[in-house]
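Below you'll find the structure, written out as structure tokens, and then a few comments.
Each value in this text was obtained by applying a stated rule to the coordinates, not by laboratory testing. Every value quoted in this text rests on a predicted model; they were computed, and no experiment measured them. Glycine also receives a Cβ, built like all others from the backbone with ideal geometry; neighbour counts cover every protein chain displayed.
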Amino acid sequence: MKVSQVAGFLGSGKTTAVMKIVDKLVRGGHRIAIVVNDVGEISVDAKFIESHGLKAKEISGGCICCQIAGSFADTLALLYDTYNPDIVVVEPSGVAIPWGLKRAAEYSEARTNVKVEHAPVITLVDASRIETLVKAVRRLVETQIREADVCFVNKVDAASEEDVKKAEDFIRGINPNAEVVRMSAETGEGISYACDVIANRVSERYDEAVEEERLKKQYSGEVR
Ligand SMILES: Nc1nc2c(ncn2[C@@H]2O[C@H](COP(=O)(O)OP(=O)(O)OP(=O)(O)O)[C@@H](O)[C@H]2O)c(=O)[nH]1
Ligand SMILES: [Mg+2]
């Protein structure tokens, strides 16, 4: 069962993008489930998604990459046992760390006989707010970018070319290995590409040694 995460800071456009992505994947014949993690008290996303005829699970009460990783693993195991989707598209909370989520997804392997495969980690970056984000929550946004396989600069319809370029440069400065692609979840630009990435590519499994190495570099100042 493939697990795909569409990460990104609060308000970066995850829900808007996920809805368009799953719509296209379903039309392409994939069996899809969605998991939404909301750290707040109430979320209407899952109900909205369910009303569109998709299998959806909502997990609240904490962040699924850390505080309530067990609930996430249980949810994945349950989805596998009862629905057996090809791809589970996860909208993590805006504060989730991509590698933590990979690890949490792999916990589900101990709960049922599912074998988890990761789709490339997608991180959305809001081009229209790049300066504010960098100032306010630099560390978190950087981590989400550093751990991405593909970064989408979202909301290009609402941002100036200058801001889009600034966002692209910022991303490349943090993660030269990531592919950087423009997106407008609103108009649909970049959605087909995201679907192709999710359906046809895979990402490495969680590896504690690799993660430790990453953190060491990050906190020793080797990587900003
Ligand atoms: N102009 C524009 N607005 C967008 C785009 N994508 C999302 N938005 C808007 O940005 C706001 C936040 O979008 P969401 O999809 O809810 O973002 P999110 O990342 O799921 O937000 P949280 O779950 O609260 O972290 C909404 O008002 C969207 O309509 C885009 O490509 N262009
Ligand atoms: Mg959302």
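Could you tell me the ratio Rg/Rh of the stretch 150-224? Both radii from Cα atoms, Rh via Kirkwood.
1.06
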> Which whole-number percentage describes the relative contact order of the chain, with Cα contacts under 8 Å and a sequence gap of 6 or more?
Replying inline: 25 percent
> Could you give the dipole magnitude of the stretch 2-220 about its Cα centre, charging the beta-carbon of Lys and Arg +1 and that of Asp and Glu -1, in debye to the nearest 20?
Replying inline: 80 debye
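GluC sites (Glu not before Pro) within the stretch 112-221: which are DSSP loop residues with at most 15 other Cβ atoms inside 10 Å? Present the calculation step by step, with values, prior to reporting the outcome.
Working: sites: GLU117, GLU131, GLU142, GLU147, GLU161, GLU162, GLU168, GLU179, GLU186, GLU189, GLU204, GLU208, GLU211, GLU212, GLU213; in loops: GLU147, GLU186, GLU204.
When the GluC sites (Glu not before Pro) of the stretch 112-221 are filtered for loop state and at most 15 Cβ neighbours within 10 Å, GLU186, GLU204 remain.
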> Taking only the alpha-carbon positions of the stretch 112-178 and ignoring solvent, what does the Debye formula give for the base-10 log of I(q)/I(0) at q = 0.17, 0.22 Å⁻¹?
Replying inline: -0.58, -0.87
>> Helix-only mean residue ellipticity at 222 nm, the chain, DSSP H runs n ≥ 4 weighted -39,500 (n - 2.57), per residue, nearest 500. What is it?
In response: -13000 deg cm²/dmol
> Going down the table (LYS14/LYS216; LYS24/LYS55; LYS14/LYS155), which pairs top 18 Å between alpha carbons?
Replying inline: LYS14/LYS216
> What is the pair-distance distribution P(r) of the chain, computed from all Cα-Cα distances in 5 Å bins starting at 0, with each bin given as a whole percent?
Replying inline: 1, 7, 16, 20, 22, 17, 11, 5, 2, 0
> Can you sort HIS118, HIS30 so the residue with the fewest Cβ neighbours within 10 Å comes first?
Replying inline: HIS30, HIS118
>> Please compute the volume of the convex hull spanned by the alpha-carbon atoms of the stretch 83-136 and report it per residue in Å³.
In response: 108 Å³
> Listed here are the pairs LYS2/LYS217; LYS2/LYS57; LYS135/LYS217; LYS20/LYS166; which of them are more than 20 Å apart at the Cα?
Replying inline: LYS2/LYS217; LYS135/LYS217; LYS20/LYS166
> Restricting to the stretch 84-224, what percent of DSSP beta bridges are antiparallel, rounded to 5?
Replying inline: 20 percent
